[in-house]
Each structure stands twice: as structure tokens, then as C-alpha cells.
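To start, the structure itself, in C-alpha cells.
The values are calculated or read from the model by the stated rules, or taken from the named source; none is laboratory data. As the structure is a computational prediction, the values presented were derived from the model and not from experiment. A quick note on method: Cβ atoms are made from the backbone with ideal geometry, for glycine too, and the neighbour counts reach across all protein chains shown. When the accessible area is computed, the model is the full protein with side chains, heavy atoms only, and any ligands, DNA or RNA have been set aside. Shrake-Rupley method; radii C 1.70, N 1.55, O 1.52, S 1.80 Å.
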Amino acid sequence: MSARATARAALRLLGPLLRSKRTWAVLATLLAAAAVLFLRALDDSLHSIEPSRLVLDRQGRYLGEVLAGDGELGYWPLPYVMPERVVAATLVTEDQHFYEHPGVYLPSVGRAILQNVSNGRVISGASTLAMQVARMQDPGGRTLRRKLSEAVESLLLIRRHGHEQVLRQYLTLAPYGNRAHGVVRAARLYFDKPVEDLSWAQAAFLAGLPQMPGRMNPFTPDGLRRAKKRSHRILRELHEKGLLSKVELEQALSADLGLAPRPRRRPEAMHAVLEWSAQAKLRKSPISVATIDLEIQEKAAAILRDNLERIEHSGAGNSAALVVDTFTGDILAWVGSRDFFSQEHKGAIDFVRTKRSPGSALKPFIYALGLEKGAFTAASELPDTPMDVRSDRAGAYLAENINHTFMGPMLVREALANSRNIPALRVLSEVGVEPALRFFERAGVEDIRWEPDRYGLGLAVGNLHVTLEELARLYGSLAREGASLPLRRFVDEPPVPSRTLLHRETAQLVRHMLSDPLARRPMFPVGGALDFPYAVSVKTGTSQGYRDAWTVAFSDRLIVAVWVGNHDWRRMRGVGGSNGAAAAAHRIMDTVMASHRPWQPILDTFPPPASAVAVEVCPLSGRLASMDCPHRKSEWFLPGSAPTGRCPFHAQVKLDRRNGLRAGKTCPSSEVITRVMLDLPDTYTQWARSQHLDVAPRQESPLCPSSVEAVTPRVAIREPRGTVRLLFDPDTPASASTLRLAAEVTPSTEPIVWLVDGVPVATVSYPHEYRWSVTPGRHVITAAMSRHAEVSSPLTVVVED
């Protein structure tokens, strides 16, 4: 059947239906419903997309950017007054009759239909600027239905919002290549300047990009060539429209565009990028200027790498650093690891924010609390001798210094500067663990666990884990003379009021002690990494087992904090704060100090508190130096804290020439000689013997005692006390697996017998000490007098294998 016959047959069948009014009514209803659905599907609102957040360093250099709500860049708002050059170039390029039509320009539509029909394909879409806004807000295929929707929506957009707002929306959403949307972001991306400052050449250059952003990529040679060619056409058209004079046209055509290089994230600043990007998300401004200085950042990162190369053979795998301005709290450098992309060393971990054991790095604050309490002065005598420490969690243990030696009587200044463990434990036992924890919590240390005996005296040697950032804040309170130092991440952050953490005089005195190079001897050698040619207070820290090495140094304008260690807590071989982190901290300080605040004179030394007075004391006892003291030193004391008593450690001692013991009152004068000697308390007896010092004897000569009256014999175990639990290590030599036993005996001249499980193991005289080689099991230890029926209370020792 022919087509004509088929059509006639269809008409015969449909004729009655078409003549029916009911049929036309149904068709009209269907068409109306379709029109309603079509109109409801249209959108006459101007969409907003969460803009990206650009982060610049304090010098305006690219640091990083947080993606916009759709995963792209840009969508930044335009200034209140739209830039004239950008508007003119855009309208000449995209829609010359923009202000003359309601959203659809009919002459362009007709011309596009003729072109498309005559060529048999789509040559022109006749899209107005308003239609492009509709398409950008709801992307889709280029079908006839889509074009119709865009046309109707453009009419609705103009009618509801007006030409000005639709143009503003276009300049906010338009794609300018390299994932950048909006002319404001494009101006920053390609020319590193505000959109208001664009020249005619630059405005025309940007106006041409949205038509083919992929093919006109300014960061590729071909794309740049195409974009320039297109911009020249736009400039000539602007001239033809009378918007550019002949002179302006010639200048624009020959002008250097001043393209900025493609922004890149610095690998040395990846952790800083992540940290500041997270903060930038919370800010309203699309551009945030960080306190970070990329030049300082790169120098600090390079110094850390060099330092790791020096000690890597000793098992050091990673490092981190923080540099802070002490005046403003601005973080100038944030180096989270040696290499963000290192899989071997887990470089993606930010060790500035990772909790680690600080070793001795918290000691200055323990001493500061002791000074605040009035229990100590800078010249208080502290015994650096074996100390029995008890803990419900760890049992009893004998605390040691990192080098397993003891230095006897030490003054607070030298004990802190030499970072001795035992004196710090003694200070903390006086201060109290709970008050110290309250101080650290108030100073900004987070996640403190308030379980009974969680930290104990070990708080002074690293039990409380901290981050490098928390440590920098803590030392900021010393640098700021007792006031807290809130750290700033953006230069426009309003200042946060400081809190008083320590009395000003206390902080000044601790700062003075930490900057005293003479006080660090002998632990830290002359000319080492802790010595500076200008005023710097410095403290190191080494965690148990050499797992962490720290150094914090601060000058009159900078805080430098450095950490060295491994991501998996692996031990390093002898790498501590002084030989692992201090060299890097020193180099960073020297490098940054050379150019930071150059107008400010550099302090040679930190002054002591203005109210402090200098007093000459004995460097061994800390008391007023007497005529018998062979040495003396000047120490600073806060008002009312200076010593009043004379040194008791150096005295003229009367001796019985026949045996060298103390002469009693009954000694004939012919048998008495007088010598100036060290007259140390019993606490130092063992230490003095190990140092082969000529110390005044404690025993009185039996040939001429002071009194012949009977003395009640007595013996008691002095160390250790209570029940002791030890862990037996079979790999440790027997000579090293010992427990020190010490007894108090009256009279002191009497010898005693040490018994283990009722079996005598040693007979000793004054000072009644013995090192017992431990064996697994539960043991009962007693001390008995040799010539009297006196036995001490038993001591229980449990040695677990």
C-alpha cells in the first residue's frame, strides 16, 4: 500500500474522533498538563555553590586550596561594583545585546535556525548570556528540549532577578579552565591579582576562555597561543564598539599579559596545607592568609633532612619542627615529617600533632611550680643520688639518670640545666603530681587521664605524652614571662587574651636558668648545639629507650621546637635530644633569627627578674659561702628567698690522728688535728665514696668518744621500703642484676649482717650498704646487728621471671 493510501485509510478511521469535541478536550487537557509539568521543571532561581578556599602564605604565595562544593575551584563572589573592563569584554564576547532582550534574542535565534538548516548540522545555538547561566546551573545534553528549557528559564531569570544579577551570576559560574570557575578566581589564578585591577588585555584574555576553556589553557603553549589570538579579536571588537581608543587598543595588543606561573603545593608544606585548609573551611573569606612563611618552611624542612642524614645510621627515621613568633604567636613553619610521600617512614603522619613521650622536656615547668610554691630557690640543694620510687601501677623501682651516673649534691639551677632525673623527681614529689597535671591542663595539654596513679613521679621524665604544638605553647609561657601564648594560624585572626600561667618572676628566673651555658656543664659540652652567641633558653628531652628526641629553644622573638624519632616507636641507638634534635633546632634558630624582625636589637642574655638580688653561695650546698668554702658562685634570689645560714658542707673537722675518725670530746688535744673537709650528710656517703672524695668521717673515734653513756642499739632498713616487685631478666649479667640495700644503724660504728630468707649473705660496716644479686622468687630480707640481738623489720622482695 502506498503512503498516500495509508494516510487516507488513517483519516477514515480517525475522522470521527477528530470531529468529536470530547477528543479535543482530552487533547487540550493533556497539552495543558504537559505544559504545567514543563514549567514546573523549569528553575528561575540563581544557584549558589560553596566557594573554594584559597590559602596563601604570609607573603602572598600559594599554599593550598580547599575545593568548592562541587569539587571544582572558584565560585567566588564579585565585588559590589562589577569591574567595568571585565563586564565590557564579557558582553562583547558572549552577548552584545544583553541589556536589549528579556533573555532570548530573537534575531540570533532566527539566524541560528537558518545556519543550522542550510548546513545540515548545528552551527550556532544562539545562546544568550542568560541561557548560558541556565545551562551552567543545570548542565545537560544539547537537545532541542534542552534548548527550549534553557530559553524559557533565561526569560524567567531575567524577569525575576534582572540583568545585573544574571550577569553577576554568569561571571561567578563561568568556567575559565584548570577547574577554575568565576572571573574573580580566574584573575587570581592567571594573573595573581584582584579582578578590579585587570588591564584591558587581561580582561579580554579572560573573557575569551569560557568558550573553549580546554583548548585555550594558558598553562600550555598551544592553549596560550589560542587564548591570545582570541583575546586580540575581542580587543579589536571593543575598539569597533567605541569602548577602546586607538591608543588603548595598541597598548593592549602589545602589552605583556603578566601571566602568573601555575600554582603548586610545596612538598615541604603538605602537612601545613592540610592543617590550614581544614581551618580555612570554617572561614567566610574565600582567601585566607596563613601565618606560615614558605621561605622559613622550606629552610626548616631542608635542615631537618640534613640532620636526619647525619643520624640516620643510628636508627632515626623521621623528624618534625615548629617555628613560632613569640610576640604574636604566629606559626611561621609547620614541618610534619621528613617527607609527606614516604611510605617507608609513614610521612603522611603529622608528627607536630602526634602525642609522644617528651622525656625531660617538661622538667622546667616542674621546677617552676616548685619555685612558685616557695619550696625551692634557684640554689636549693637537691640530692642526685639513688632514689627509691614507689608506684601502685609500677611497684617500686630505683630511678636513674639517662647516663646511669649520679652527681651528688646539686643546686636547682644546675640540676635543671643538666637535665638530671633524680632531682626533678624530688621536686615533683614536693610539688605533687595532681597540681602539676592541673597546671599542664590549664596550659593547653589535652587528653590528660585522671586515673589514680596514672603518671606518678614519672610525670617529670615523660609519662605525660604531648604534641610538638602543645610543647611549643608551654615554652611560649616562659618566653612570654608567664603569660600563655595562643598560637595563630591566620594573620587576620583577632588576638586571644593571654592567661597567666606562672608568676612573671618565676618565668623569668626559669628562662634565665635555661639560658645559662655555665649551668649546663658538665653534661653538655662547651660549644655544643645548646650554646648560642645570643640569648636563647633551651631544653632537651629524651624518652625512655631513645624512642623520642626533643629540643625546644626560644629567643627574644622565636620559638623553635624539634622532634626526632620513628613512626612505629622503634628505638634509636643512643639518639637523644642533645645529639639528635638540638643541632637542627640550633640551625633553624640561627637561620630564621638572621632575618626575622631585623629592626629589633638581639639580646645578648636574658636578664634575671628585676626584683631579684644576687647573693654569693656555695655551689655545693647553696647556702651562704663561708670562709671554708673553696669555691663560690653568685645566684639570683627572689625577695625574701635568699639563704641566711652558712654552708654546712665545708667545715673544720676535728679528727683523732690515730685512726682518722672524728675526735670526741674526750680526746686529748695532743691527739686531735683540725682539717677543712667536706662534711656531707649520710645521703651522699655512697656517692662520695664512688667519687673517691676526701669526706669527713661519720664515725666517732672509739678511742675517745664524746660520751660513755650507753646507747640503745637499733637497726632499720632505709632502702628500699615496703614490698618491692622486680622483673628478672636472665639475659642481664648477674653483676648488673642487683638491688641496693641500705640500713640505718645506731651506733653507726656497729657492723651488721644482711640476711636473705634467713641466710647471711654479707657482713658490712658503715655505711651499712650492700648490693644483693637478685634471684627469681619471693624473698624476705632483714638486717641484724653483729654484736647485739637487734634485727630490723623484714623487707619483702618479689622477683618475677
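Which FRET efficiency value, to the nearest 0.05, is calculated for Val676 and Thr796 with the Förster distance at 60 angstrom and r the Cβ-Cβ distance? Efficiency for this residue pair is about 0.85. The percentage of C-alpha pairs in region 570-707 whose separation is greater than 25 Å is 59%. For a modelled paramagnetic label at Ser690, 7 Å from Cα along Cα-to-Cβ, the residues of region 409-442 in reach, with backbone nitrogen under 20 Å, are 409-412, 414-427.
As a size descriptor, the averaged projected area of the C-alpha convex hull of the chain was calculated at 56.4 nm².
Charge dipole of region 687-801 (Cα centre as origin; +1 on each Lys and Arg Cβ, -1 on each Asp and Glu Cβ, all else neutral): 120 debye, rounded to the nearest 20. Pop the C-beta distance of Arg262 and Ser611 into the FRET formula with R0 = 51 Å and round what comes out to the nearest 0.05. Approximately 0.30, to the nearest 0.05. Specify which residue in the list Gly258, Ala227, Asn307 is farthest towards the positive end of the charge dipole of region 186-312, using unit charges on the beta carbon of Lys, Arg (+1) and Asp, Glu (-1), about the Cα centre. Value computed over the given set: Ala227. Under 30 Å of direct C-alpha separation, and excluding same-chain neighbours fewer than eight residues apart, Lys539 reaches these lysines: Lys299, Lys346, Lys355, Lys363, Lys373, Lys633. Candidates Val247, Thr738, Phe351 compared by Cα position along the dipole of the chain: farthest toward the positive end lies Val247, with charges placed on Cβ.
Once the chain from Thr775 to Glu50 is taken as fully extended at 0.36 nm per residue, the excess over their C-alpha distance is 253.9 nm. For region 221-358, a crude dipole built from +1 on the beta carbon of Lys and Arg and -1 on the beta carbon of Asp and Glu, taken about the Cα centre, is about 760 debye to the nearest 20. In units of the rule-of-thumb radius 2.2 N^0.38 Å, region 172-244 shows an alpha carbon radius of gyration of 1.04. Note on region 490-540: dipole from Cβ charges, positive end direction compared against Leu509, Met523, Pro533; the farthest Cα belongs to Met523.
Packing around the peptides 580-589, 224-233, 173-182, taken as the average count of other Cβ atoms within 10 Å per residue, puts them in this order, highest first: 580-589, 173-182, 224-233. Projected label points at Thr405 and Gln59, each 7 Å from Cα along the beta carbon direction, are separated by 4.6 nanometres. Separation of region 402-430 from region 507-578 is 16 Å, based on Cα centroids. Estimated at the nearest 10 Å², the accessible area of Glu414 is 40 Å² with a 1.4 Å probe.
At an R0 of 51 angstrom, the distance between the Cβ atoms of Lys355 and Asp138 translates into a FRET efficiency of 0.55. Packing here is the average count of other Cβ atoms within 10 Å per residue, and on that basis the peptides 750-758, 332-340, highest first, run 332-340, 750-758. Per-residue ellipticity at 222 nm from helix content only, as computed over the chain with -39500 (n - 2.57) for each DSSP H run of at least four residues, stands at -10000 deg cm²/dmol. Legend: translational diffusion of region 214-323 by Stokes-Einstein, Rh = Kirkwood radius over C-alpha pairs, 20 °C, 1.002 mPa s; D = 114 µm²/s. Charged side chains reduced to their Cβ positions (Lys and Arg at +1, Asp and Glu at -1) give the chain a dipole of some 3880 debye around its Cα centre.
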